[in-house]
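Asks: Supplied in structure tokens, the structure appears directly below.
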Amino acid sequence: MGGNAFTSTLPPTSFPRLPPAVYAALKTRLFPQIQSIYTHVAVPFEAPEKASYGDLDFVVAGPKHHRHHHHPSETSTRDAQTTHAEIPVNAPHELVQETIGAAHVNPMEGNRTSNFAVPIARGEWSALGHADEEEEARRGAEGGEIFYQVDVNVCASKNEWDRIVFFHAYGDLGMIMGLIARNAGFALGSKGLKVPNPPHHPIDLSHSFDTILPFMGLSMPAWRAGFATQRAVFEWAGTSRFFDPTRFRAEGEGFSKVKPERKMYAEFVQWAMAQAAAMKRVAEQKEESREEREVRRMRPRLRDEALVYFGKKEEFEREEREREARVRLKEMFSGSRVRDWADMGEYWKGVKMIMDGVRERVGGDEGVLRVLDEEGKEGIRKIVLEVKEELGLGLGSRKELRGPVDELTSAVEKVRIASPPSSVQGS
């Protein structure tokens with residue numbers, strides 16, 4: 001049942017489940033109305049074999065109207081001067097409300113989903129052969145008033161629109177594909193395909209499902225042709241080269257919990273488990289630990305294959321070199337190490353002066369790494385001692401400088417130089 005977005009204003013009984021014929025008629029009626037407001041409009045392909053619908057979902061992008069709409073004969077200096085950056089990604093909510101005849105609206109600015117409650121006229125379902133269902137819904141609703149819930153999911157760009165329309169098609173299929181990808185060590189969502197790379201940020205592989213599907217071994221033409229049954233959806237997903245029923249799992253570390261109402265997702269998990277049961281003998285269950293180890297060994301290979309397939313290998317290797325350089329710099333040119341080399345005690349302001357002087361002499365952190373490569377730790381230590389002498393930071397001068405105020409400054413400097421800058425480039 002729809003209506004969850006209006007719990008503060010309307011009871012859930014105000015939003016009846018929609019028979020397929022009623023749902024189809026509503027979509028046919030509202031589609032051109034939404035098209036008059038947005039350039040890109042779609043209703044994602046519905047899950048097959050649905051007996052009823054809770055709401056109608058539109059995915060849109062590219063508003064045709066500015067925030068303040070006027071009669072065509074009117075002009076607006078503000079509208080004429082509005083820059084592209086100031087134009088919102090969503091059309092005015094009041095315009096959408098007026099166009100589709102909504103009585104209530106739950107507005108959300110930007111690329112988010114807004115909800116509209118459209119009144120169902122008395123007798124509207126009669127012509128569609130569902131007069132009894134309408135009357136039953138009215139008897140259970142407050143004051144006999146019932147509504148359609150219409151959700152308008154606004155996207156910030158055409159590319160985002162393409163991804164959302166794809167990922168939300170055929171019910172929970174997008175989530176099912178994400179689960180299959182997760183079993184192979186990838187992360188798939190409405191923003192595309194990634195490779196987890198803990199403790200670092202994930203590696204973006206692709207935002208295009210036209211390239212992601214072939215990599216997963218899935219047919220885009222078959223997806224476009226549609227599915228007559230839920231089982232056909234499951235069987236298509238099962239053609240992925242990443243789907244192995246004998247090693248498939250849906251929970252544990254790295255797997256997100258899914259809401260109970262995601263029945264199609266849950267039924268796919270049951271279907272996958274049934275495939276595994278059909279393929280395994282009872283004795284093979286004892287090999288589970290061996291198979292888990294095999295999966296762990298397989299994932300690095302799949303990651304490397306993905307990096308090559310999506311043209312990300314060079315970028316990944318560069319980032320790895322940069323991370324390794326930052327770690328090496330922090331270890332070999334730390335404040336504590338420079339303090340010990342220069343015998344600076346707790347005079348952290350002096351330590352910072354020396355480190356800044358070394359960087360200035362050799363050409364920044366890249367220069368420090370270059371000295372480490374060519375001359376090793378002793379090469380940097382030698383430069384540290386030379387800079388210390390050039391700055392006149394011998395033992396006597398250090399004692400003369402220290403005082404109550406300087407001790408406080410040193411404590412602050414100790415915090416500031418605890419780690420090197422993060423802008424090291426790969427060498």
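The values are calculated or read from the model by the stated rules, or taken from the named source; none is laboratory data. This structure is a prediction, so every number in the text was calculated from the model and none was measured. Cβ sites come from the backbone with ideal geometry, for glycine too, and all protein chains shown count toward neighbours.
Asks: Specify the residue that is nearest to residue 328 (Cα to Cα); the eligible residues are those in region 351-388 that are touching a residue at least 60 places away in the same chain (Cβ under 8 Å) and in contact with a helix residue (DSSP H, G or I) (Cβ under 6 Å, 6 or more places away or on another chain). Before the answer, list the steps.
Replies: Step one: list which residues in region 351-388 are touching a residue at least 60 places away in the same chain (Cβ under 8 Å), which gives 351-352, 355, 366.
If we keep only those that are in contact with a helix residue (DSSP H, G or I) (Cβ under 6 Å, 6 or more places away or on another chain) as well, we get 351-352, 355.
Values: 351: 19, 352: 19, 355: 16 Å.
Taking the candidates together, the pick is 355.
Asks: Among the residues of region 106-147, write down those that are exposed (fewer than 12 other Cβ atoms within 10 Å of the Cβ) and touching a Ser or Thr at 6+ places or on another chain (Cβ under 8 Å).
Replies: 142
Asks: In region 364-419, which residues are modelled with pLDDT of 50 or more, under 21 Å from residue 343 (Cβ atoms) and part of a loop (DSSP other than H, G, I, E, B)?
Replies: 391, 392, 393, 394, 417, 418
Asks: Checking the conditions here, which among 96, 89 is at pLDDT 95 or above and assigned by TED's automatic domain parsing to the domain that holds residue 137? Full working, then the answer.
Replies: Working: 89 fails: at pLDDT 95 or above.
Of the residues listed, the single one that is at pLDDT 95 or above and assigned by TED's automatic domain parsing to the domain that holds residue 137 is 96.
Asks: Could you list, in sequence order, all residues of region 340-363 that are over 22 Å from residue 321 (Cα atoms), of a type outside the set (A, V, I, L, M, F, W, C) and part of a helix (DSSP H, G or I)?
Replies: Step one: of region 340-363, the residues over 22 Å from residue 321 (Cα atoms) are 340-358, 360-361.
From what's left, of a type outside the set (A, V, I, L, M, F, W, C): 340, 343, 345-347, 349-350, 352, 356-357, 360-361.
Scanning region 340-363 gives 340, 349, 350, 352, 356, 357, 360, 361.
Asks: Collect the residues in region 325-339 that are part of a helix (DSSP H, G or I) and surrounded by 14 or more Cβ atoms within 10 Å (Cβ to Cβ), keeping them in residue-number order. Break it down into steps so the answer makes sense when it comes.
Replies: Pass one, region 325-339, residues part of a helix (DSSP H, G or I): 325-332, 335-339.
Once the filter is applied, which keeps residues that are part of a helix (DSSP H, G or I) and surrounded by 14 or more Cβ atoms within 10 Å (Cβ to Cβ), region 325-339 yields 325, 326, 328, 329, 330, 332, 335, 337, 338, 339.
Asks: Give me the residue from region 4-30 that is in contact with a strand residue (DSSP E or B) (Cβ under 7 Å, 6 or more places away or on another chain) and assigned to a helix (DSSP H, G or I) and, out of that set, surrounded by the most Cβ atoms within 10 Å (Cβ to Cβ).
Replies: Among those that are in contact with a strand residue (DSSP E or B) (Cβ under 7 Å, 6 or more places away or on another chain) and assigned to a helix (DSSP H, G or I), it is 14.
Asks: Further question: Identify the residue in region 231-278 that is surrounded by 16 or more Cβ atoms within 10 Å (Cβ to Cβ) and polar (S, T, N, Q) and, among all such residues, is modelled with the lowest pLDDT.
Replies: Filtering region 231-278 for residues that are surrounded by 16 or more Cβ atoms within 10 Å (Cβ to Cβ) and polar (S, T, N, Q), the one modelled with the lowest pLDDT comes out as 275.
Asks: Could you please tell me which pairs satisfy a Cβ distance under 8 Å, a separation of 6+ or placement on different chains, a first residue in region 109-122 that is more than 20 Å from residue 9 (Cα to Cα) and assigned by TED's automatic domain parsing to the domain that holds residue 8, and a second residue that is among the hydrophobic types (A, V, I, L, M, F, W, C) and in a loop (DSSP other than H, G, I, E, B)?
Replies: Pairs that qualify, where the first residue is more than 20 Å from residue 9 (Cα to Cα) and assigned by TED's automatic domain parsing to the domain that holds residue 8 and the partner is among the hydrophobic types (A, V, I, L, M, F, W, C) and in a loop (DSSP other than H, G, I, E, B), are 110/89; 110/156; 111/89; 111/156.
Asks: Give region 131-146 a look and list any residue that's acidic (Asp, Glu) and assigned to a loop (DSSP other than H, G, I, E, B), or say none. Outline the logic, then answer.
Replies: Applying the first criterion (acidic (Asp, Glu)) to region 131-146 yields 132-136, 142, 145.
Hit for region 131-146 is 145, nothing else.
Asks: While we're on this one: Given the condition in a loop (DSSP other than H, G, I, E, B) and among the aliphatic types (A, V, I, L, M), answer yes or no: does some residue in region 220-241 qualify? Walk me through it before giving the result.
Replies: If we filter region 220-241 for residues that are in a loop (DSSP other than H, G, I, E, B), which is where we start, we get 226-229, 238-241.
Remaining after also requiring among the aliphatic types (A, V, I, L, M): 228.
Yes - at least one qualifying residue is present in region 220-241.
Asks: Go through (1) over 23 Å from residue 42 (Cα atoms); (2) in contact with a Pro (Cβ under 7 Å, 6 or more places away or on another chain) and name the single condition residue 204 misses.
Replies: (2)
Asks: What is the one condition in (1) on the phi < 0 side of the Ramachandran plot; (2) not assigned by TED's automatic domain parsing to the domain that holds residue 98 that residue 140 does not satisfy?
Replies: Failing condition for residue 140: (2).
Asks: Which numbered condition trips up residue 138, out of (1) basic (Lys, Arg); (2) out of contact with any strand residue (DSSP E or B) (no Cβ under 8 Å at 6 or more places or on another chain); (3) under 27 Å from residue 232 (Cα atoms)?
Replies: Tallying (1) basic (Lys, Arg); (2) out of contact with any strand residue (DSSP E or B) (no Cβ under 8 Å at 6 or more places or on another chain); (3) under 27 Å from residue 232 (Cα atoms), residue 138 fails exactly one: (3).
Asks: For region 214-247, how many residues are under 17 Å from residue 312 (Cα atoms) and touching a helix residue (DSSP H, G or I) at 6+ places or on another chain (Cβ under 6 Å)? Explain how you work it out, then say what you get.
Replies: Residues of region 214-247 under 17 Å from residue 312 (Cα atoms): 214-216.
Still in the running and touching a helix residue (DSSP H, G or I) at 6+ places or on another chain (Cβ under 6 Å): 215.
Adding up the residues that qualify gives 1.
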